[in-house]
Amino acid sequence: MAKKPIIIAGPCAAESKEQVLEAIQEAKKRGVDFMRISLWKPRTKPGFEGLGEDGLELLVTAARAGVNPATEVIMPEHAKMAMTAVFSAVPKARLMLWIGSRNQNHYIQREIARVAARDKRVILMVKNQPWSNEDHWEGIVGHVLSGGIDKDRVVLCHRGFMPNGVNPHGYKNVPDYAMAMRIKEKTGLTMIFDPSHTGGAVAKVLQIAREAKRYDFDGVIVEVHRDPVHALTDAKQQLTWKQFDQLTV
Ligand code: PEP
Ligand code: MN
């Protein structure tokens, strides 16, 4: 890892104003680069799907506090809304938008990239698809870049692949470190690691974060919640801030 690692931390989903305010204080203390304030949550089965537009003000609150927000966007309209909300209130802020693993419509991927391309204050993170396939992963990168965004504002994220039978550690999504490193090499893009959606349970998140250090990732995105057991999404895998502090990246 040549440069300073990128650290993104915060709850899986923004659930309430109080929860996000508390997380902003914790994130600020630790000087994270971006804080997860996810407003739109695609779920495996219907459930809490995030605060949506009602939560845009929370992105602004973080930016006003000097903590750069990060949120998943599912549609180009979400990207537009988040950019307008944050930059009209806090022109100095930076904003991370990301395309999640389930969002595998290449047309939508390119349109989101097109919107993100318009403003240099936006970093676009792109996660790999849920199933293991190197061509598809390269294809996502190609579609995103065809939206015209500068390569230095695109960050890739390895969040593992759905287990296909070979899963000795019992991870929720199995990393393919070699593939991630090849994609990093072939694309020349920054590549971070997601120990939360690979690990899937606290002990495994800590374990896989250590394991991934052997590879040349450029940072991490970690789910951290004030009260993980009662989290509305991904309760099993979210760390407390104390546990987060045990990860030395
Ligand atoms: C997330 O990061 O909130 C998420 C849903 O992860 P993924 O898209 O990797 O499943
Ligand atoms: Mn999650």
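The values are calculated or read from the model by the stated rules, or taken from the named source; none is laboratory data. What you are looking at is a predicted structure, and each value in this text was computed from that prediction instead of being measured. Because the Cβ atoms are built from the backbone with ideal geometry, glycine has one as well, and the counts that use them run over all protein chains shown.
Among what's in segment 9-23 and is among the aliphatic types (A, V, I, L, M) and either farther than 19 Å from residue 123 by Cβ or touching a Cys at 6+ places or on another chain (Cβ under 9 Å) (or both), pick the residue that is nearest to ligand 2 (Cβ to nearest atom). Please lay out each step first, then the result.
Taking segment 9-23 and keeping what is among the aliphatic types (A, V, I, L, M), we get 9, 13-14, 20-21, 23.
Next cut, either farther than 19 Å from residue 123 by Cβ or touching a Cys at 6+ places or on another chain (Cβ under 9 Å) (or both) only: 13, 20-21, 23.
Details: 13: 7, 20: 15, 21: 20, 23: 14 Å.
Applying the filter and picking the extreme gives 13.
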* To do: Might you check whether a residue that is of a type in the set (Phe, Trp, Tyr) and under 17 Å from the mean Cα position of the chain (by Cα) occurs anywhere in segment 19-36?
  => yes
* To do: Evaluate the following for residue 187: is it away from ligand 2 (no atom under 15 Å from the Cβ), more than 21 Å from residue 132 (Cβ to Cβ) and of a type in the set (Ser, Thr, Tyr)?
  => no
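Would you mind listing the helices (runs of 4 or more DSSP H) fully within segment 138-249 where at least 3 residues are modelled with pLDDT of 95 or more and under 18 Å from the mean Cα position of the chain (by Cα)? I'd like the intermediate steps shown before the answer.
On the way: elements: 177-187, 195-199, 202-212, 241-246.
Output list reads 177-187, 195-199, 202-212.
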* Test residue 68 against the stated conditions and say whether it is away from ligand 2 (no atom under 16 Å from the Cβ), within 15 Å of the chain's Cα centre (by Cα) and either of a type outside the set (Ser, Thr, Tyr) or under 21 Å from residue 197 (Cα atoms) (or both). => yes
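Residue check: is residue 29 modelled with pLDDT of 95 or more and more than 15 Å from ligand 1 (Cβ to nearest atom)?
On the way: modelled with pLDDT of 95 or more: yes; more than 15 Å from ligand 1 (Cβ to nearest atom): yes.
Yes: the conditions hold for residue 29.
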* Where a residue in segment 125-150 is in contact (Cβ under 8 Å) with a residue 60 or more places away in the chain and its partner, wherever it lies, is basic (Lys, Arg) and part of a loop (DSSP other than H, G, I, E, B), with Cβ under 6 Å and at least six apart -> 127/159
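When the residues of segment 95-116 are filtered to those that are touching a Lys or Arg at 6+ places or on another chain (Cβ under 8 Å) and part of a helix (DSSP H, G or I), which remaining residue is nearest to ligand 1 (Cβ to nearest atom)?
That would be 116.
Within the group 104, 109, which residue is surrounded by 22 or more Cβ atoms within 10 Å (Cβ to Cβ) and over 13 Å from the mean Cα position of the chain (by Cα)?
Details: 104 fails: surrounded by 22 or more Cβ atoms within 10 Å (Cβ to Cβ).
Just a single option satisfies the conditions, and that option is 109.
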* **Candidate set: segment 231-245, residues that are within 15 Å of ligand 2 (Cβ to nearest atom) and surrounded by fewer than 21 Cβ atoms within 10 Å (Cβ to Cβ); chosen: the one nearest to residue 207 (Cα to Cα)** => 236
* What residue, among those in segment 157-208 that are closer than 20 Å to residue 246 by Cα and of a type in the set (Gly, Ala, Ser), is surrounded by the fewest Cβ atoms within 10 Å (Cβ to Cβ)? -> 203
